[in-house]
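Before any comments, here is the structure.
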Amino acid sequence: MKNIKIISFILILIIGMGCEKEEENNIFINLELVSSETFEINNTNFDIYVYGYDSSFQNAPATLIAQHTFRSTQLPIILKMEIPENAVELIEYIDDKNDARFYTYINWDSDNNGIICNGDITIDNSNNFQNINIDTTKIQTINLVKIESIQCEIQPYIKNLILPHTPNPYKGEYYIRADFINVATSERKELFFNAGEHQLSNVFSSSFGMSAKGISFKDTLTNEELEISFYYNDNEHSTFNFRRANYYFADPWRNIAGASIEFFTPDINIEPDSRYRYLGSSGSEYYFEIRYMDNNRLNGVFKTEWKECCGGSIVYDVIGDFSIPR
């Protein structure tokens with residue numbers, strides 16, 4: 001009778017272990033977080049993200065593969081992180097699976113002020129990306145440093161901060177592209193202005209208590225212009241704050257700061273006067289995201305609606321992207 005009980009217990013244990021392994025279907029990587037700096041850690045919780053991306057394609061957004069919350073009161077620390085076994089298959093934007101690469105990003109609000117900014121902890125490289133190998137169980141070292149270049153104040157024209165997810169950023173010719181659909185007629189057009197074919201210039205303006213700076217592309221043959229500008233209130237800020245973030249669209253006539261895209265066309269065949277069309281709307285379904293930035297460049301995407309100014313009736317649905325001088 002005793003032998004029967006022992007055999008039954010072993011059988012149940014084996015079946016249970018087999019089911020658990022089949023349901024998990026995951027793999028593990030081992031990460032050691034180290035730093036040569038000293039941190040005052042008031043918040044022991046931090047998030048580690050693993051992203052996958054196509055290393056052969058510039059500006060392709062990375063796909064979040066795994067995210068886990070860990071706890072620690074000090075560095076160094078060795079962590080075991082679980083990621084899906086089919087991580088390569090989960091990458092959304094990729095042509096050849098052999099070009100798949102993975103990187104980690106760490107969000108650690110170590111001073112516990114509710115914002116990732118100066119004094120907190122991040123990965124030690126300029127773009128906060130560090131490639132990892134998901135096919136090994138060997139310990140992979142991740143060096144961490146203290147953030148020193150991100151202001152803790154979040155301006156009111158920022159909807160929300162976003163995680164870096166463009167590990168292979170586009171650094172080619174500057175451009176602005178906007179695909180737009182006329183809501184009334186469904187007519188679809190594209191505006192594409194680039195530095196190679198259009199005149200590129202800086203834009204500065206100040207009026208009605210607001211200042212703006214930005215970049216304009218001009219077609220010297222048609223005198224059409226497409227520009228991106230950033231408006232801020234003079235009595236609240238001395239300049240516009242660029243971050244990896246989703247911004248509200250500006251309305252300078254109502255003294256609302258934010259991003260703006262403006263298209264100018266001298267439409268002499270319809271009206272004798274020049275007309276401006278301003279983009280955009282700050283509804284919850286719309287966005288203006290700066291996804292990559294360095295000392296010289298801003299890359300991003302936007303989605304909104306485009307309304308003709310000054311009582312005009314034309315409305316477009318618009319989606320586009322840009323790479324402009326900072």
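Any read-out appearing in this document is the output of simple, stated calculations on the displayed coordinates, not a laboratory observation. What you are looking at is a predicted structure, and each value in this text was computed from that prediction instead of being measured. Every residue, glycine among them, receives a Cβ derived from its backbone with ideal geometry; neighbour counts consider all protein chains shown.
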At 7 Å along the Cα-to-beta-carbon direction for both residue 237 and residue 57, put a label point, then send me their distance in nm to one decimal.
-> 3.2 nm
Can you list the residues, at least 5 places off or on another chain, whose amide H is less than 5 Å from the amide H of residue 140, using H built in the peptide plane?
-> 30, 31, 32
Distance in Å, no decimals, from the C-alpha centre of the stretch 166-193 to the one of the stretch 209-261 is 18 Å
Could the peptides 174-180, 150-156 be put in order, highest first, of the mean number of other beta-carbon atoms found within 10 Å of their residues?
-> 174-180, 150-156
Pairing the Cα long axis of helix 2-24 with the longest principal axis of the chain, what angle in degrees results, from 0 to 90 and rounded to the nearest 10?
-> 10 degrees
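Provide, for the chain, the number of lysine pairs with alpha carbons under 20 Å apart, each pair being eight or more places apart or on different chains. Please report the intermediate quantities before stating the final value.
On the way: 21/80; 80/138; 159/213; 159/303; 189/218; 189/303; 189/307.
Counting lysine pairs in the chain gives 7.
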Can you tell me which of 49-55, 157-163 comes out highest on packing, and rank the rest after it, using the mean Cβ neighbours within 10 Å?
-> 49-55, 157-163
Size of the dipole of the chain about the Cα centre, Lys and Arg at +1 and Asp and Glu at -1 on the beta carbon, nothing else charged, in debye to 20?
-> 680 debye
Percent breakdown of C-alpha pair distances by 10 Å bin, ordered from the shortest bin, for the chain | 5, 21, 26, 21, 14, 7, 3, 2, 1, 0, 0
Calc'd 3J(HN,Hα), the stretch 202-210, phi into Karplus 6.51 cos²θ - 1.76 cosθ + 1.60 (θ = phi - 60°), Hz, glycine/Pro = x, comes to 7, 10, 9, 8, 8, 6, 6, x, 10
Per the rule of 0.36 nm per residue minus the C-alpha distance, extending residue 186 to residue 141 adds in nm 10.9 nm
Dipole axis of the stretch 175-325 (+1 Lys, Arg; -1 Asp, Glu on Cβ), positive-most option in 311, 201, 220 = 201
Between the stretch 279-326 and the stretch 23-79, what's the alpha-carbon centroid distance in Å?
-> 31 Å
Under the classification rounded if a/c is under 1.5, otherwise prolate if a/b is larger than b/c and oblate if not, where does the stretch 26-152 fall, given a ≥ b ≥ c as square roots of the Cα gyration tensor eigenvalues?
-> prolate
With all pairs of different alpha carbon atoms counted, what Kirkwood hydrodynamic radius in Å does the stretch 175-325 show?
-> 15.9 Å
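In the neighborhood of residue 113, defined by Cβ-to-Cβ distances under 15 Å, what is the net charge if each Lys or Arg adds +1 and each Asp or Glu adds -1?
Summing Lys/Arg as +1 and Asp/Glu as -1 gives -4.
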By average C-beta atoms within 10 angstrom, highest first, the peptides 98-107, 164-173 = 98-107, 164-173
Under the rule of -39500 (n - 2.57) per DSSP H run of 4 or more residues, summed and divided by the residues of the chain, what mean residue ellipticity at 222 nm is obtained, to the nearest 500 deg cm²/dmol?
-> -2500 deg cm²/dmol
Karplus 3J(HN,Hα) series, Hz, for the stretch 283-296 with 6.51 cos²θ - 1.76 cosθ + 1.60 (x for Gly, Pro) | x, 4, 7, 9, 7, 9, 10, 8, 9, 9, 8, 9, 5, 10
Once phi is turned into θ = phi - 60°, what whole-Hz ³J(HN,Hα) does the Karplus curve with 6.51, -1.76 and 1.60 give for every residue of the stretch 81-89, x standing for Gly and Pro?
-> 10, 8, 9, x, 5, 9, 4, 4, 5
